[in-house]
Amino acid sequence: MLNLTKALVFLDLETTGVNPASDRIIDIALLKALPDGSTETKTWRVNPGVSIPEATTKIHGIKNEDVADAPLFISIVPQVLDFIGTADLGGYNSTRFDIPLLIEECMRAGFDFDLKNRKLIDAQHIFYMMEPRNLTAAYRFYCNKKLENAHSAEADIKATYEVFLAQIEKYKDVQIETKSGELITPIHNNINTLATYISDNQSVDLVGRIVLNDKGVEVFNFGKYKDKAIEEVFKKEPSYYHWMMQGDFTHYTKKIITQIMLRTKG
């Protein structure tokens with residue numbers, strides 16, 4: 001039994017996307033662990049008030065029609081805050097995603113959410129602390145060897161290659177289940193097939209400033225034109241292109257937007 005002096009509420013959100021500043025909750029689950037060892041769970045399906053992107057639906061399986069008759073978040077905030085009360089908060093990747101997004105939604109609805117006097121417990125932090133996800137740990141896990149001369153470029157790259165070969169062998173017939181319930185076998189000894197599963201095909205400029213939307217169109221992933229087609233923005237406001245070219249963006253991002261700008265003139 002957990003040694004608690006006050007309630008600890010674990011939370012998990014399903015959302016329209018991964019940006020706490022702009023995305024919306026569509027499913028929220030809270031589990032309250034009490035000092036006496038008992039637990040209580042509350043869940044709500046929420047109408048986000050915006051369309052759920054198809055790419056997001058593929059992850060969690062929740063469609064627009066599934067939330068059409070659900071309440072807006074503003075109508076359930078009092079129940080959510082009442083259930084949480086003065087409890088500490090926990091989750092998995094909760095300090096970087098779930099908690100910031102929940103706070104944003106509450107404040108957007110006109111309700112304050114005070115973190116003062118609350119402890120934040122993130123199970124992902126424990127996982128990463130106790131099971132490091134670095135090359136040394138990977139080499140030990142997959143190859144059962146100790147990495148000598150770690151952070152020497154030659155030693156690291158040779159170890160990385162050995163880890164990759166071991167991963168291909170270890171997971172060649174292993175199925176995993178996506179959040180939508182689909183069973184897939186993602187690891188193949190075929191680079192073309194493997195890349196379809198592990199590559200970030202949505203990011204056009206590698207750093208995520210420019211991504212593809214559900215229709216395969218390049219859109220901004222930041223700023224006042226977030227989710228807007230870049231080509232359309234540049235047609236209406238060419239100065240935005242020039243601002244980006246003078247801004248603190250990577251050279252590769254600037255190369256991509258230059259290609260798009262040239263298309264608009266072509």
Restricting to aspartates and glutamates and to Cα separations under 19 Å from Lys146, and discarding same-chain partners fewer than 8 apart, the set is Glu131, Glu154, Asp156, Glu162
Percent antiparallel among DSSP beta bridges confined to the chain, nearest 5, equals 75
Subtracting the Cα-Cα distance of Leu81 and Gln259 from 0.36 nm times their residue separation yields 59.3 nm
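Under unit Cβ charges (Lys, Arg +1; Asp, Glu -1), what dipole magnitude, rounded to 20 debye, does the chain have relative to its Cα centre?
Working: 31 positive and 36 negative charges, 143 e Å.
Value, rounded to 20: 680 debye.
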Filtered hits (aspartates and glutamates, Cα-Cα < 20 Å from Lys235, offset >= 8 within chain) -> Glu218, Asp227
Per 10 angstrom bin, beginning at 0 and ending with the bin that holds the maximum distance, the Cα pairs of the stretch 19-65 fall in percents of 22, 42, 21, 14, 1
Largest first and rounded to whole Å, the semi-axes √(5λ) derived from the alpha carbon gyration tensor of the stretch 156-216 read 24, 19, 9
Per its Cα gyration tensor (rounded if a/c is under 1.5, else prolate when a/b beats b/c, else oblate), the stretch 188-266 is best filed as prolate
In the stretch 119-193, the trypsin sites (Lys or Arg not before Pro) that sit in a DSSP loop and have at most 16 other Cβ atoms within 10 Å of their own Cβ are Lys119, Arg133, Lys145, Lys146, Lys172, Lys179
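Stretched out fully, how many nm does the piece from Tyr161 to Asp112 gain, at 0.36 nm a residue minus the Cα gap? Write out the running numbers ahead of the final one.
On the way: separation 49, 0.36 × 49 = 17.64 nm, distance 5.01 nm.
That pair, Tyr161 and Asp112, stretches by 12.6 nm at full extension.
Before rounding to the nearest 500, sum -39500 (n - 2.57) across all DSSP H runs of length at least 4 in the chain and divide by the residue total; then give [θ] at 222 nm in deg cm²/dmol.
Computed mean residue ellipticity for the chain: -11500 deg cm²/dmol.
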Residue span Asp66 to Gln175: 0.36 nm per residue of separation minus Cα-Cα distance leaves a gain in nm of 36.4 nm
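Go through the stretch 10-73 and name the trypsin sites (Lys or Arg not before Pro) that are in a DSSP coil and have 15 or fewer other Cβ atoms within 10 Å of their Cβ. Don't skip to the end; give the middle numbers.
Working: sites: Arg24, Lys32, Lys42, Arg45, Lys58, Lys63; in loops: Arg24, Lys63.
In loop regions of the stretch 10-73 (DSSP not H, G, I, E or B), the sparsely surrounded trypsin sites (Lys or Arg not before Pro) are Lys63.
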Taking only C-alpha positions in the chain, Rg and Dmax in angstrom work out to 22.5, 69
Binned at 10 Å from zero, the C-alpha pair distances of the stretch 74-184 give percents of 12, 25, 23, 19, 16, 4
Cα extents of the stretch 76-123 per principal axis, largest first, Å, are 28, 19, 17
Here the tail fraction of P(r) beyond 18 Å, over all Cα-Cα pairs of the stretch 8-127, rounds in percent to 50
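Can you pick out the pairs among Lys63/Lys224; Lys179/Lys215; Lys32/Lys116; Lys32/Lys215 whose Cα atoms lie more than 30 Å from each other? Walk me through the intermediate numbers first.
On the way: Lys63/Lys224 27 Å; Lys179/Lys215 22 Å; Lys32/Lys116 19 Å; Lys32/Lys215 40 Å.
Cα-Cα > 30 Å for Lys32/Lys215; rest within.
Just in the stretch 105-179: which GluC sites (Glu not before Pro) are loop by DSSP and have at most 13 other Cβ atoms within 10 Å? Don't skip to the end; give the middle numbers.
Working: sites: Glu105, Glu148, Glu154, Glu162, Glu169, Glu177; in loops: Glu148.
Listed in order of number, the matching sites are Glu148.
Readers should treat all values here as calculations from the given coordinates under stated rules, not as data from a laboratory. Quick caveat: nothing in here was measured; it's all calculated off a predicted structure. A quick note on method: Cβ atoms are made from the backbone with ideal geometry, for glycine too, and the neighbour counts reach across all protein chains shown.
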